[in-house]
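Only the coordinates and a few stated rules stand behind these numbers; no lab work does. Fair warning: this is a prediction, and the values are worked out from it, not measured in the lab. Cβ sites come from the backbone with ideal geometry, for glycine too, and all protein chains shown count toward neighbours.
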Amino acid sequence: MTGTKPLLARLMLAGENSRTAAQNAAGRLEEVNATLPPDIVAEPVLNRSALVNSTIKTVAKNLTEGALLVIVVLFLLLGNIRAATITALMIPISFLFAVVGMNRFGISGNLMSLGALDFGLLVDGAVVVVENTLLMLSQRRADLGRALTRSERLNVAGQAAKQMIKPAAFGQLIILLVFTPLLLLGGVEGKTFIPMGATVMLALVGASSSPSPLCQP
């Protein structure tokens, strides 16, 4: 464009998805360009799509690296591939539960809410139950002096889960209570921290409902 360039501004819309709004604004700008004279071009001064896409990549990178790190530590410390695999299943199960809950309650997925997920915290209850299961299985084999049958393993796994499910659930309940005050915040603080607290609490609820049945096979 020759001469001075006009400034086209688009206000942020309350409750809108920033990525969708930015894409819609870019589409409208292309439509405007098509109607302008050949010597006039409307160019965006600031496109939030780049910031939004960068944030999405950062969240995905952090979640992937965090999950892989926890899985590697589980395999190294538990010393049992099957037990580590069962425990690692808590990560996708709890994450799926959190995403479904976020969609159901309209919680925004952003760098604060998703980036606050601590996978080590989510598998804590499962680690307690699985470790007790491995201990009781080894003690039972030592007492009988032979390998356990499938029914015996299932019985021991059920007993181990029943012993530890209450302490594990009580520990996660304490964590849930710690995050509860965040849901009472208002104003800018509430908009910033409520999605984070709600997402972590949803993931913890999903994780706490999974260890018992997964440890019984």
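Some observations on this one:
- CD proxy at 222 nm, helix term only [per DSSP H run n ≥ 4: -39500 (n - 2.57); per residue of the chain; nearest 500]: -24500 deg cm²/dmol
- Förster radius 41 Å - calculated FRET efficiency between Thr55 and Ile81 (Cβ-Cβ, nearest 0.05): 0.70
- Nearest 10 degrees, 0 to 90: helix 48-78 Cα axis against the chain principal axis: 10 degrees
- Cα-based helix-to-principal-axis angle, 150-179 vs the chain, degrees rounded to 10: 40 degrees
- In the chain, the convex hull through the Cα atoms has an average projected area of 16.5 nm², a quarter of its surface area.
- Reach of Lys162 by Cα under 17 Å, taken over aspartates and glutamates that are not fewer than 8 positions away in the same chain: Asp124, Glu131, Glu152
- Packing order of peptides 143-150, 53-60, 77-84, highest average first: 77-84, 53-60, 143-150 (average count of other Cβ atoms within 10 Å over each peptide's residues).
- For the chain, the longest principal axis of the alpha carbon atoms and the long axis of helix 90-105 meet at an angle near 40°.
- Length released on extending from Leu185 to Thr35, taking residue separation times 0.36 nm less the Cα-Cα span: 49.3 nm
- For the stretch 20-101, a crude dipole built from +1 on the beta carbon of Lys and Arg and -1 on the beta carbon of Asp and Glu, taken about the Cα centre, is about 500 debye to the nearest 20.
- A Förster radius of 30 Å combined with the Cβ-Cβ distance from Asp118 to Ala142 puts the calculated FRET efficiency at roughly 0.25.
- Furthest towards positive pole of dipole, Val41, Ser54, Leu114, structure part the stretch 22-117, Cβ charges: Leu114
- Our summary gives the chain a relative contact order of 24 percent, counting only alpha carbon pairs under 8 angstrom and 6 or more residues apart.
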